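What follows is one structure encoded as structure tokens, with my remarks underneath.
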Amino acid sequence: MAFAAVLMVGGAPVSASAQDTGLARTPPMGWNSWNHFACKVSDKVIRESADAIVANGMKDAGYIYVNVDDCWQGKRDANGVIQANEKFPDMKALADYVHSKGLKFGVYSSPGPKTCAGYEGSFRHEAQDAKTYAEWGVDYLKYDWCSAEKVYKPSEMQGAYRKMHDALAATGRPIVFSLCQYGLEAVWRWGASVGGNLWRTTDDINDSYDRMSVIGFDQNGLSRFAGPGHWNDPDMLEVGNGHMTHDEYLTHMSLWCILAAPLLAGNDLSKMTPQTLAILNNPEVVAIDQDAAGTEGHRVRQEGPFEVWMKALADGSKAVGLFNRGEDASQISVSFREIGLGETASVRDLWARKDLGSFTGSYAAEVPKHGAVLIKVK
Ligand code: GLA
């Protein structure tokens, strides 16, 4: 189905038209190799991750894509066809294995001659690579700018992304198209119009509260650019990678769900603690991210280090995050009027999965240092 839309950007109308492939009606969920394995990824790592995602219940919770990030590429053959390197003996067989588990398979490339880690990119091989991916059975492509800056001007960026979108579309295989160019050129204004299903809005995340929180809380103001089929992407999850506290990971997951962010776990699934799994798999929290209305949340109020964020849900209720970026525990409250509700509302704690009862005027909770309370209010 083709769609055309007129977006208002900075007061000026911008025409956006692209093929609506019916993909990513809710933010994509899955796992990606980069945050934990970086270039230590292999066929074995991907197979084991696919096994784990089924065995630990993540697949049932909605984590469907198993994506190889950078470092899978080898050289091109005499005809220019991309080959995987020695760590990936047979990409088609790997895709088949992932599919046999009821999962979907993703790969990574660059519009430039080289990927960020220096492997072969798709420059001047776009149609050929798209065809190869489709033959392998690829369902998701992350397309990372990297060395493209050496061969394209910034003004040619949209064209470079559209070129690969059109090449993917020409294969006839539905392939989620993930733009990765770190938020350059205000990508949220045009990502959908070049066929992107998601686009990174920032430079890379890492497994620290400082980096995660700066990225996450900086997303405010981008919500009008997201919706079914096209999402802002504040980068992949670090939950479970070990360098944040439990409360900090609760903040990470709560905020990403309020942002309707893609949920791509980035930890080692074979060595996950029950606490990590409980964060990733909490069905009521994931449901906020995946809500059918596809509305990205926004900041309602900031009081120094305390922030109140809200995401409107399809059933008329509101998901509210109370975030404490300060160094001491503190009470944080939300008034029902400031989230567009009446005087009285019922509140459910989504991490505790417990109804808290009916409240008049407002609800307040004690929020630990760097922590979050996530509630559903109606
Ligand atoms: C860039 C991207 C990361 C990852 C690496 C791989 O830094 O932003 O998400 O894909 O490249 O080299």
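Name, by its number, the condition in (1) modelled with pLDDT of 95 or more; (2) surrounded by fewer than 23 Cβ atoms within 10 Å (Cβ to Cβ) that does not hold for ASP20. Here ASP20 clears every test but (1). From the list MET212, MET164, the one residue that fits, being within 16 Å of the ligand (Cβ to nearest atom), in contact with a strand residue (DSSP E or B) (Cβ under 6 Å, 6 or more places away or on another chain) and part of a helix (DSSP H, G or I), is MET164. Inside the stretch 21-38, residues that are within 16 Å of the ligand (Cβ to nearest atom) and of a type in the set (A, V, I, L, M) make up a count of 1. Taking each residue of the stretch 200-218 that is among the small types (Gly, Ala, Ser) and looking for partners that are away from the ligand (no atom under 16 Å from the Cβ) with beta-carbon atoms closer than 6 Å, six or more apart or interchain, yields SER208/HIS243; GLY216/LEU255. Here TYR143 passes the criteria (1) more than 16 Å from the ligand (Cβ to nearest atom); (2) in contact with a strand residue (DSSP E or B) (Cβ under 8 Å, 6 or more places away or on another chain) except the one numbered (1). No other residue among ARG189, ARG200 is closer than 28 Å to ALA314 by Cα, in contact with a Gly (Cβ under 9 Å, 6 or more places away or on another chain) and surrounded by fewer than 24 Cβ atoms within 10 Å (Cβ to Cβ) apart from ARG189. Considering each residue of the stretch 157-169 in turn, at least one proves to be over 17 Å from ASP235 (Cβ atoms), crowded, with 23+ Cβ neighbours inside 10 Å, among the aromatic types (Phe, Trp, Tyr) and assigned by TED's automatic domain parsing to the domain that holds LEU198. Filtering the stretch 259-271 to residues that are in contact with an Asp or Glu (Cβ under 8 Å, 6 or more places away or on another chain) and surrounded by 21 or more Cβ atoms within 10 Å (Cβ to Cβ) leaves LEU259, ALA260, ALA261, PRO262, LEU263, GLY266, ASN267, LEU269. Taken as a whole, the stretch 223-232 holds at least one residue that is closer than 30 Å to THR273 by Cβ and either within 15 Å of the ligand (Cβ to nearest atom) or modelled with pLDDT of 95 or more (or both).
Taking the stretch 272-378 as the region of interest, the strands (runs of 3 or more DSSP E) fully inside it that hold 1 or more residues being surrounded by fewer than 20 Cβ atoms within 10 Å (Cβ to Cβ) and of a type in the set (D, E, K, R) are 298-303, 344-349, 354-360, 362-367. Scanning the stretch 117-128 for residues that are surrounded by fewer than 24 Cβ atoms within 10 Å (Cβ to Cβ) and under 19 Å from GLU86 (Cα atoms) turns up ALA117, GLY118, TYR119, GLU120. Considering only residues in the stretch 175-194 that are in contact with a Leu (Cβ under 7 Å, 6 or more places away or on another chain) and of a type in the set (Val, Ile, Thr), the one that is farthest from VAL66 (Cα to Cα) turns out to be VAL187. Is it the case, given these coordinates, that ARG348 is closer than 15 Å to SER254 by Cα and of a type in the set (D, E, K, R)? Criteria met by ARG348.
The values are calculated or read from the model by the stated rules, or taken from the named source; none is laboratory data. Note that the structure is a prediction, hence the values are computed from the model and not measured. Virtual Cβ from ideal backbone geometry, glycine too; neighbours counted across all protein chains shown.
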